[in-house]
1. On the protein heavy atoms, probe 1.4 angstrom, tell me the percent of accessible surface of the chain carried by carbon and sulfur.
2. Can you tell me, using C-alpha contacts under 8 Å and at least 6 residues apart, the relative contact order of the range 12-54 as a whole percent?
3. Return one whole number: the accessible area per residue of the chain in Å², for a 1.4 Å probe.
4. Using the Karplus equation 6.51 cos²θ - 1.76 cosθ + 1.60 (θ = phi - 60°), what ³J(HN,Hα) coupling, rounded to whole Hz, does each residue of the range 24-40 give in order, writing x for Gly and Pro?
5. Among the aspartates and glutamates, which have Cα under 20 Å from the Cα of residue 42 when same-chain residues fewer than 8 positions away are ignored?
6. Tell me, in nm to one decimal, what length is gained between residue 59 and residue 75 on full extension, where the rule is 0.36 nm per residue of separation less the Cα-Cα distance?
7. What number, in percent, do you get for the relative contact order of the chain if the mean sequence gap of Cα pairs under 8 Å and at least 6 apart is divided by its residue count?
8. Using Cα atoms only, what is the angle between the long axis of helix 3-16 and the major principal axis of the chain, expressed in degrees (0 to 90) to the nearest 10?
Amino acid sequence: MDAHEQHRLILQNDDLGWDFTAIYHAHPPEAIPYPSRTDVAKAFWPDAIYFILSLKDWNKPVIRAYRIIKEDEFSKDGQVQELQVVIV
């Protein structure tokens, strides 16, 4: 997503009093679907569930969900807790 568009949507969400409950992105095909160091450092919404998609095998995509728990929003380190994903 374009950085300016992302910033605009964050401000709009703040104005409306909305919270981010889920955030997703895909990792490059060679990467596993686990939060990278950058993902953890940029996890600014403590109540959000972070979904990561892996397209390593295009015939069988893998999606995983995580909660990233940090001391505060400025911390670059955090605990990563995997959550169960049920697709119905």
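1. About 55 percent, which is the carbon plus sulfur part of the accessible surface.
2. After rounding, I find 56 percent.
3. It amounts to 80 Å² per residue over the chain.
4. Computed from phi, the couplings for the range 24-40 are 9, 7, 9, 9, x, x, 7, 9, 7, x, 9, x, 6, 4, 5, 4, 5 Hz.
5. 2, 5, 14, 19, 71, 72, 73, 77, 82
6. 2.1 nm
7. 24
8. 60
The values are calculated or read from the model by the stated rules, or taken from the named source; none is laboratory data. Predicted model only: the values in this text are computed from it and were never measured. Protein only, heavy atoms only, side chains kept; ligands, DNA and RNA dropped before computing areas. Shrake-Rupley method; radii C 1.70, N 1.55, O 1.52, S 1.80 Å.
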